[in-house]
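Notes for the one structure printed next.
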Ligand code: ADP
């Protein structure tokens, strides 16, 4: 949808509140384009689903994700793949037709805290697409009875603000596979999700002429999903998420990059042995390493708080004493405090699933 600005400009004063033209009263009142999806659905802001729409605009629409690919350690192949599979079809829909039709959806799976959410945000930031960050577990519980309607409105909204990227975090919470006793409403949510995802992939190839293609392209919606529990995913949804990428724990090189990224603006002592830090954090996720760095950065302050010379009265003076370069001791203590969050057994489950259902 074109966003028009009717407020500014020369002619603005000669119109009344309803857009009627005083200079040329015979002209029809100028129609204002809706700026938000709520205005588009309900020009007066009231309607049966206004609450739901407002909640989506407030909690799910992320106006400014601001993550760059360079902020994410390693995962270079995944970054390239996401650009090819998500960004290019949105930016040049003419090319991605027929045999080159875009994937219906992309699934990122793997242990928690490995950068899946960051990758989704970076895709949206780089492609300048509108980003919808759907935390499936919180939505599923908050809007239990209405989750099906919510899915439909979400996709409509994404088309309105298109081109858009919809990211379903913990997608298994919205589209899990639960055998026989499955709840009727959960089945309806999944059915709606399937319908919407099928609609998404045909949007750019359905139109007949070029001008229409251009407006259709603006409505393009890409679906990205993430899960730590891929084996819980409903089979039909899994099939729609045609590309399934394993996001593993960081390698040695990745962990070194993670330390550098996290400590970009922090002063460090020359005694830090990076090889050792990288070695003893084997098995740590990206999130674990962020926590280690955060914890290490607090060490000088903690030591001061525990020391005899500490008192609230001389807090001003203390600031200069705690803002000192971090040392190897700070990191070693932090690593002792923070255990790795992913077990070996869990890793085995991911590689098994990768073998059966993953894309190379
Ligand atoms: P996931 O979605 O896989 O559970 P997130 O993308 O939310 O993980 O990452 C959680 C936090 O961990 C991030 O905010 C970041 O600080 C850190 N992190 C994890 N993986 C990476 C990575 N590859 N590069 C940089 N930071 C990372």
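Laboratory data are not the source of any read-out in this text; all were calculated from the coordinates shown. As the structure is a prediction and not an experimental result, all values here were calculated from the model. Heads up, the Cβs are rebuilt from the backbone with ideal geometry, glycines too, and the neighbour counts pull from every protein chain shown.
Below are the figures for this structure:
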read-out	value
Residue within region 92-99 that is farther than 22 Å from residue 227 by Cβ, touching a residue at least 12 places away in the same chain (Cβ under 8 Å) and surrounded by 18 or more Cβ atoms within 10 Å (Cβ to Cβ) present	yes
Residue in region 120-129 that is surrounded by fewer than 18 Cβ atoms within 10 Å (Cβ to Cβ) and touching a residue at least 60 places away in the same chain (Cβ under 8 Å) present	no
Residue in region 271-282 that is touching a helix residue (DSSP H, G or I) at 6+ places or on another chain (Cβ under 9 Å) and within 14 Å of the ligand (Cβ to nearest atom) present	yes
Options 54, 66; residue that is more than 11 Å from the ligand (Cβ to nearest atom) and not in a helix (DSSP H, G or I)	66
Residue in region 165-172 that is crowded, with 18+ Cβ neighbours inside 10 Å and over 15 Å from the mean Cα position of the chain (by Cα) present	yes
Of all residues making up region 95-133, the number that are in a strand (DSSP E or B) and within 13 Å of the ligand (Cβ to nearest atom)	4
Number of positions in region 317-328 that are free of Cβ contacts under 8 Å to residues at least 12 places away in the same chain and under 40 Å from the mean Cα position of the chain (by Cα)	2
Matching residues, region 219-241, being in a helix (DSSP H, G or I), surrounded by fewer than 18 Cβ atoms within 10 Å (Cβ to Cβ) and within 16 Å of the ligand (Cβ to nearest atom)	232
